[in-house]
Amino acid sequence: MVGTVNNRPPFSKVLVANRGEIAVRILRACQELGIRTVAVYSEVDATSPHVLLADEAVCLGRAEPEASYLHVGRIVDAARRTGAEAVHPGYGFLAENPEFAQACREAGLTFVGPPAEVIAALGDKDRARRLAQVAGIPTLPGHPPADDDTLERAAHALGFPVLLKAAAGGGGRGMRVVRDPLQFRHALASARREVVSSFGNDAILLEKYLQDARHVEVQILADRYGKVVHLGERECSVQRRCQKIVEECPSPAVDTDLRARLGEAAVRLTQQAGYVNAGTVEFLLDRDGCFYFLEVNTRLQVEHPVTELVTGVDLVHAQLLIAAGHRLSLRQEEVSWRGHAVEARVYAEDPERGFVPSPGRILRLREPHLPGVRVDSGVREGQMVPVHYDPILAKVVAWAADRPTALSRLVHALREYVVLGLKTNLAFLLAVVTHSAFQAGEVSTEFVDEAFTSWHTPDPPPEVLAVAATVLAQQAPSGASASRAPGDLDPWGRLRGLRLP
Amino acid sequence: MRPGQLYLIAGGQHVALELRAAGEEVVVLVGERALRVRVREVEPGVLEAVVEDLRRMAFYAREEDTIHLHWDGHAYTVSRARHAAGPRGPEPEQDVRTPLPGLLTRVLVQPGQEVAAGQPLYVVEAMKIETVVRAPRPARVRRVLAQPGQQVEGGAVVVELEGGP
């Protein structure tokens, strides 16, 4: 089932209910399979790359997500009016919203993802935990969603540190590690506010926080006929405040035996849950090689490309074919892992000011083109990066036959990634991937928050000041230049020998 | 200001430089160093730049007196300052500025209230992430200039402070 571009397209037309890099990624996959495409967009995204790429584009409404990318009715309506057969939700927004999957089904549209009931069961983190326990997969001690007082008592009973998690949704939103009992109430209130704005539901559950652990997740594919295969793990321990920023495949901490056991656990759980389509089972892995179930992401992951590069399986093609009812012909014993892939997420954020989102206009954009490097990007030069959405701009993914070469390729790609006009985390990503602990593959989920507390963006070296001064000196300071006559009075006239415009 | 003198702000620091044309090159005096610089625009926004013996392709974008420059793997922003910094360096910022445009979700202080350094003043939500704006110093709240539910611009003053050191 893995390379079927010569066959009949699985759908005639697909609507992609997302924006940015993931919408571009899915639109391209559709085009490769011969599927006509529909993009949807909000008013601020009218000239975004995903809109320009699609065969048709439908404006959903104002910029606010509730009026656009989260508006179930308008998206279903757009699919109906354009004659789309299927809807791909991408990640984020409505991807893990069972009501959306249900609304698609009721409108006669194929939702590219699991059935609504499965999304609901696994999306409820507490139910998912219990499902894992039934499947015989270890879980960490915890407490189901409850009111503030109950959760606080439960936290004391579990012992600090504890982890707060949104009962609905994923992506690390609302996740808080609480080490100090005195901070518990404050962290809980802040987590509730964050998740209610992201998922419309403020239920928070509690788990014992496992120190010094790795975040390892297993990619699975499941067809409608009960067949499930796993595509191995991704290492996602490099996180800043519970948000993944660098991911790789395979994990430096997972050997063939552990991979088989992790994979088998993921397959067992998803099979029991009646899972269909691509999904990810997340685990925490401790130093002794013991793993604990975290959650299931019932969608395509941001970091899916590292698995694609190492296994050779195009996950978005697979999603579309499975959604169209194709049988998974890939057998578990055929899955093989070749080389090493590592991904870094490029965000519009300002590392100097606590990584606050840094919207603005991209004045200059030059994405890297290097051997073994894939850039999944959702922006173009001249584009205004809006304030309303997740600040991801692109993902840089490097593949090589071995990990050191893949890391070296990633470093060069990040150094050659030119984004000017807004602040990005590129310098921070470079600091992370060149750090000795990361290079050695010796990191836990605490690595970034511990190793980079005093990190700051590099100061401009004298060369930068010299080049900037030379360019700036081409014109007199604004305000003075217009009124000044050329000639001897111009203090900059002496620089005319420069060959600049 | 002497001919060739230029004041820049980069990485939060004020820097005074002097430029002297020397044939095809410019000599830039930065602190104690004199750097020979040669730049050529190979296409709009792309420079071939040689500083002393270091040769790099550099990318830039200019917004009036500000230049964004990608040099040797990193992006920097350098602005031209109108004046040299005073003897004590730049004046400390008096107002608390909103770090990014977004939705003002909560205001946590009232006019007349005393606040401690680091105390949360208000919360802005942008790109689904909450940003807490804190008091930079102990002070008293003079005025609150916006209400929760309003969109605020980056750089806007939402809470005016008075007093403090």
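The values are calculated or read from the model by the stated rules, or taken from the named source; none is laboratory data. In this text the structure is predicted, and so the values were computed from the model without any measurement. We place every Cβ from the backbone using ideal geometry, glycine too, and count neighbours over all the protein chains shown. With ligands, DNA and RNA removed, areas are computed over all heavy atoms of the protein, side chains included. Shrake-Rupley method; radii C 1.70, N 1.55, O 1.52, S 1.80 Å.
Points worth noting:
- Counting only residues that are more than 8 Å from chain A (Cβ to nearest Cβ) and without any contact (Cβ under 8 Å) to a residue 24 or more places away in the chain, segment B:104-132 holds 8 of them.
- For segment A:397-418, the set of residues classified as more than 13 Å from chain B (Cβ to nearest Cβ) and assigned to a strand (DSSP E or B) consists of A:V397, A:A398, A:W399, A:A400, listed by residue number.
- Checking B:V50 against (1) more than 7 Å from chain A (Cβ to nearest Cβ); (2) touching a residue at least 24 places away in the same chain (Cβ under 8 Å); (3) open to solvent by less than 40 Å² (accessible area, probe 1.4 Å), the condition it does not meet: (2)
- Residues within segment A:134-148 that are in contact (Cβ under 8 Å) with a residue 40 or more places away in the chain and exposed (fewer than 15 other Cβ atoms within 10 Å of the Cβ), tallied: 5
- Checking A:S198 against (1) at pLDDT 85 or above; (2) not in a loop (DSSP other than H, G, I, E, B), the condition it does not meet: (1)
- Counting only strands (runs of 3 or more DSSP E) that sit completely within segment A:203-252, those holding 1 or more residues that are within 22 Å of A:E334 (Cβ to Cβ) correspond to A:214-222, A:228-240, A:243-249.
- None of A:Q243, A:Q239 is under 23 Å from A:V375 (Cα atoms), open to solvent by 10 Å² or more (accessible area, probe 1.4 Å) and out of contact with any Lys or Arg (no Cβ under 9 Å at 6 or more places or on another chain) except A:Q239.
- For segment B:136-165, a tally of residues being free of Cβ contacts under 8 Å to residues at least 60 places away in the same chain and over 29 Å from A:R361 (Cα atoms) returns 12.
- Residue among A:A203, A:A191, A:A155 that alone is open to solvent by less than 10 Å² (accessible area, probe 1.4 Å) and touching a Pro at 6+ places or on another chain (Cβ under 8 Å): A:A155
Let's see how each residue does on (1) farther than 23 Å from A:H304 by Cβ; (2) crowded, with 24+ Cβ neighbours inside 10 Å; (3) touching a Ser or Thr at 6+ places or on another chain (Cβ under 6 Å):
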| residue | (1), (2), (3) |
| --- | --- |
| A:R28 | no, no, no |
| A:Q31 | no, no, no |
| A:V44 | yes, no, no |
| A:E64 | yes, no, no |
| A:L70 | no, no, no |
| A:G90 | no, yes, no |
| A:A103 | yes, no, no |
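- Identity of the residue in segment A:320-334, more than 15 Å from A:E85 (Cα to Cα) and not in a helix (DSSP H, G or I), that ends up most open to solvent (accessible area, probe 1.4 Å): A:R327
- Exclusive hit being touching a residue at least 24 places away in the same chain (Cβ under 8 Å), among the small types (G, A, S), more than 30 Å from B:E64 (Cβ to Cβ) and open to solvent by 40 Å² or more (accessible area, probe 1.4 Å), set A:A451, A:A413, A:A406, A:A401: A:A401
- As for segment A:7-24, it holds at least one residue that is open to solvent by less than 20 Å² (accessible area, probe 1.4 Å) and of a type in the set (F, W, Y).
- Taken as a whole, the condition of being open to solvent by 20 Å² or more (accessible area, probe 1.4 Å) and farther than 25 Å from B:K128 by Cβ does not apply to A:P368.
- Leading residue by the ranking (modelled with the lowest pLDDT) among those in segment A:291-310 that are out of contact with any helix residue (DSSP H, G or I) (no Cβ under 8 Å at 6 or more places or on another chain) and of a type in the set (A, V, I, L, M, F, W, C): A:L294
- Counting residues in segment B:92-104 that are more than 29 Å from B:G154 (Cα to Cα), modelled with pLDDT under 90 and open to solvent by 20 Å² or more (accessible area, probe 1.4 Å) gives zero.
- Every residue from segment A:375-391 that is open to solvent by less than 50 Å² (accessible area, probe 1.4 Å) and more than 8 Å from chain B (Cβ to nearest Cβ): A:V375, A:D376, A:S377, A:G378, A:V379, A:G382, A:Q383, A:V385, A:P386
- Taken over segment A:337-365, residues that are surrounded by fewer than 21 Cβ atoms within 10 Å (Cβ to Cβ) and more than 14 Å from chain B (Cβ to nearest Cβ) amount to 3.
- Remark: A:A469 matches the filter, which requires a residue to be buried (at least 23 other Cβ atoms within 10 Å of the Cβ) and touching a Lys or Arg at 6+ places or on another chain (Cβ under 9 Å).
- Matching residues in segment B:64-81 - criterion: being free of Cβ contacts under 8 Å to residues at least 40 places away in the same chain and within 7 Å of chain A (Cβ to nearest Cβ): B:E64, B:D65, B:I67, B:H68, B:L69, B:H70, B:W71, B:G73, B:H74, B:A75
- Residue check for A:L269: open to solvent by less than 30 Å² (accessible area, probe 1.4 Å), in contact (Cβ under 8 Å) with a residue 40 or more places away in the chain and within 14 Å of A:A213 (Cβ to Cβ): no
- Selection status of A:V218, within 14 Å of chain B (Cβ to nearest Cβ) and of a type in the set (V, I, T): no
- The criterion of at least 3 residues that are of a type outside the set (A, V, I, L, M) and within 30 Å of A:R185 (Cβ to Cβ) is met by the following helices (runs of 4 or more DSSP H) wholly inside segment A:50-164: A:125-134, A:148-158.
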